[in-house]
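One structure is given below, encoded as structure tokens.
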Amino acid sequence: MTTSAIPDPTHCPDVPAFRRRVFYIPGYDPIPPRRYRELYRTESAAQAALSGYRIALQAKTGEGPYGWQVTARIEGVEVRAEVDVLVWSDIVRGSMDAGIAATYVQLVRTSWAYIGSGALFRLMRLRKGPVIAALYPIVVLLVQLLLAMAAGVVVMVLVFRGLEMALTAGGLDARFWGGLIGGAGVAGGIVGILVLRWFRAMDGRFFAYYLMHDYAFTARDGGANPPELEARMDQFRQTIATALASDTDEVLVVGHSSGAHLAVSILADLIRAGLPDTLPDTRPALSFLSLGQVVPMVSFLPRAHRLRADLAYLSTRGELAWVDVTAPGDGCAFALCDPVAVSGVAPDGQRWPLILSAAFTRTLTPARWKELRWRFFRLHFQYLCAFDNLAGRIDDYDYFRTTAGPMTLGARYGTRAPSKSRITRAVNHYTDLAA
């Protein structure tokens, strides 16, 4: 097994560069993966300037998933990391093709999936923030519908009165009133549709359609993964397995947002496939970093049998180290909630995940926290960004030390105590592990 820490090069000048493969699994995001490369480039440079280490990006060579190469000197050690993005944005875009009417049908079905199953009320017992985020698109879409209807009614009344005055002035009798009403109704309907289309076109500001598609994708099969996603996850598993057979020191899987629960199932499948037997004893360390996870949004649904079984299985395995990082300031994540325990599937001998807080109010300066506090979507990505309140502490969460530093995930955080504010109470009604 690869050693988990690298000696101080001041005492051992011939220490080779630490080598790492990083596989980043994004959440429900239709944006091309180059966005994540640019985010890594700009934020790593900012963190390096603050923390006093060196880090640089280069284009990836060869075939395989989209990614980039990182060279760094952190804590006195040279590091080489290859970062790959495991892309499923095409599946996301396909699920967002629904038109306006179909989106309102999704609204009804998704609302019933969470309310009818009781999942929504149980989720509220954990964290209010992500539940409010789930209710947000429902409320906003309904408000948009009401405004469109109101605009249509106003136009219909105005058109009706205008036509009525014109017909009366022309001496026409009441036989034409039916056509008058019909014409006013058509005008009102057209305006209502145009208002809804305007809201849809402006969703880059409102995010109502985007979030509605996100929750609908999760809930459409009651928490079960659709076949196309299962097929893609199997491809991801094979890619990670190939990296585990390579000459590297650590294979680090990073699951962000809904990418975290995909990573849980991928890694559970990987280990079930016989990872200890099929790879040599000197295989790379296997690590899993979940960031801003929303696991309960899936595991609390009736048909999430696979995810619950994978959570229970992965939480006991010694083949990997699993660290879960969230922050109470992130209103889109189930902050400090142990995803295994709150799902009601914590087995005897549970060892993972280690629950840690990114503690935005401490790791960001007051000025930066004030700037970001109400930018909820930006805060959900803060785990991938620079933290500017160092205050002499290098042991706080740092995404770039984790992905480009000279220690494995287990070595860097393994001696840390879990957050005192972590939530472990089981509130899930659906705890069965098999269909």
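The values are calculated or read from the model by the stated rules, or taken from the named source; none is laboratory data. Predicted, not measured: the structure shown is a model, and the values here were computed from it. Cβ: placed from backbone, ideal geometry, glycine included. Neighbour counts: every protein chain shown. Heads up: the accessible areas ignore ligands, DNA and RNA and are worked out on the full protein's heavy atoms, side chains in. Shrake-Rupley method; radii C 1.70, N 1.55, O 1.52, S 1.80 Å.
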Next item on the list: Within the stretch 113-122, identify whether any single residue is over 24 Å from Ala304 (Cβ atoms), of a type in the set (Ser, Thr, Tyr) and over 20 Å from the mean Cα position of the chain (by Cα), and answer yes or no.
Entry: no
Notebook entry, point to check: Of the residues that sit in the stretch 180-239 and are of a type in the set (D, E, K, R) and over 24 Å from Met149 (Cβ atoms), which one is nearest to the chain's Cα centre (by Cα)?
Noted result: Asp214
Next item on the list: Being assigned to a strand (DSSP E or B) and aliphatic (A, V, I, L, M) is the filter; apply it to the stretch 75-92 and report the residue that is nearest to Asp247 (Cα to Cα).
Entry: Ala81
Next item on the list: With respect to Arg109, determine if the residue is basic (Lys, Arg), touching a residue at least 40 places away in the same chain (Cβ under 8 Å) and either closer than 23 Å to Met233 by Cβ or assigned to a helix (DSSP H, G or I) (or both).
Entry: yes
Check: Is it fair to say Val254 is crowded, with 24+ Cβ neighbours inside 10 Å, in contact with a Leu (Cβ under 8 Å, 6 or more places away or on another chain) and not in a helix (DSSP H, G or I)?
Finding: yes
Checklist line | Count of the stretch 52-92 residues which are within 17 Å of Tyr24 (Cβ to Cβ), small (Gly, Ala, Ser) and free of Cβ contacts under 8 Å to residues at least 60 places away in the same chain | finding: 2
Next item on the list: Pull up the stretch 49-63, narrow it to residues that are in contact with a helix residue (DSSP H, G or I) (Cβ under 7 Å, 6 or more places away or on another chain) and of a type outside the set (D, E, K, R), then point me to the one that is least open to solvent (accessible area, probe 1.4 Å).
Entry: Ile55
Next item on the list: Any chance you could count how many residues in the stretch 344-358 are at positive phi and crowded, with 19+ Cβ neighbours inside 10 Å?
Entry: 1
Notebook entry, point to check: With respect to Thr415, is the statement that it is without any contact (Cβ under 8 Å) to a residue 40 or more places away in the chain and either in contact with a Cys (Cβ under 6 Å, 6 or more places away or on another chain) or under 30 Å from Arg205 (Cα atoms) (or both) true?
Noted result: no
Next item on the list: Quick one: in the stretch 140-163, of everything that is more than 20 Å from Arg197 (Cβ to Cβ) and open to solvent by 80 Å² or more (accessible area, probe 1.4 Å), which residue is modelled with the highest pLDDT?
Entry: Leu158
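Rundown of residues vs (1) modelled with pLDDT under 95; (2) surrounded by 15 or more Cβ atoms within 10 Å (Cβ to Cβ), yes/no style:
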residue: Pro7; (1), (2): yes, no
residue: Ala17; (1), (2): yes, yes
residue: Arg20; (1), (2): no, yes
residue: Tyr40; (1), (2): no, yes
residue: Pro65; (1), (2): yes, yes
residue: Gly99; (1), (2): yes, no
